[in-house]
Amino acid sequence: MPDTHPQACPHSHQLTCLRILQINLNKSKKAHLELINTVKTKDWDIVLVQEPRTIGHFNTIQTPTNFCPVFSNDRGRNNKHIRSLMWISTALETRSWTIISLLETNNITIVQLEGAYGKLTIINIYNKCSSPNTEITPKYLSKK
C-alpha cells in the first residue's frame with residue numbers, strides 16, 4: 001500500500017473531500033495484518049472491508065489505530081460470518097455519521113454522513129457471486 005494517497009486533502013472542520021479505500025481481504029491473515037499496519041488516517045477517511053479475518057469464537061476483528069469499526073447489527077448472531085465492515089477515521093466527527101442497520105445480514109454495512117454538503121450514504125456490500133440469493137433485500141431498520 002502506498003504511504004500517501006494521490007488525491008489526499010487535509011482534514012478540516014468542514015468536510016471538503018472524502019478519501020475511501022475499498023478492499024477484499026479474502027479472510028487472509030497476512031492481508032489483514034498488512035492492512036492494519038499500513039492504513040493511516042492521514043491517507044483514508046473510510047476503509048470498506050470485505051471478508052475480514054475474524055479471530056476466535058466471538059468473531060472479533062482487529063481494527064487499525066485511530067479507526068472506529070462499524071458492523072451490521074447482526075454481528076455475532078446465528079454464527080454468521082462477518083463479510084462486510086467499515087473502519088471510519090476518528091478524525092471524522094462522530095456526530096457527522098450514522099449507522100444504517102440491515103437485519104439478517106453480515107454482508108452489507110451502511111453509513112450515512114451528514115453535513116453542510118447534505119447527506120451522503122456509503123454502502124459496503126460483500127456479494128458472493130456463486131449464490132443466487134445475494135440480491136434479496138433484508139429487512140430494513142434505521143437506527144444507530
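The values are calculated or read from the model by the stated rules, or taken from the named source; none is laboratory data. Remember, it's a predicted structure, so these values are computed and weren't measured experimentally. Glycine gets a Cβ as well: all are built from the backbone with ideal geometry, and neighbour counts include every protein chain shown.
Rundown of residues vs (1) buried (at least 18 other Cβ atoms within 10 Å of the Cβ); (2) of a type in the set (K, R); (3) at pLDDT 90 or above; (4) over 29 Å from C17 (Cα atoms), yes/no style:
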residue	(1), (2), (3), (4)
F58	no, no, no, yes
T65	no, no, yes, no
N78	no, no, no, yes
H81	no, no, no, yes
I88	yes, no, yes, no
T98	no, no, yes, no
S101	yes, no, no, no
K128	no, yes, no, yes
E135	no, no, no, yes
Original post:
What are the residues in the range 113-125 that are of a type outside the set (G, A, S) and either at pLDDT below 90 or in contact with a helix residue (DSSP H, G or I) (Cβ under 9 Å, 6 or more places away or on another chain) (or both), if any?
Top reply: L113, E114, Y117
**OP:** State whether the residues of the range 4-17 include one that is of a type in the set (A, V, I, L, M), within 21 Å of V111 (Cβ to Cβ), at pLDDT 90 or above and surrounded by 13 or more Cβ atoms within 10 Å (Cβ to Cβ).
**Re:** no
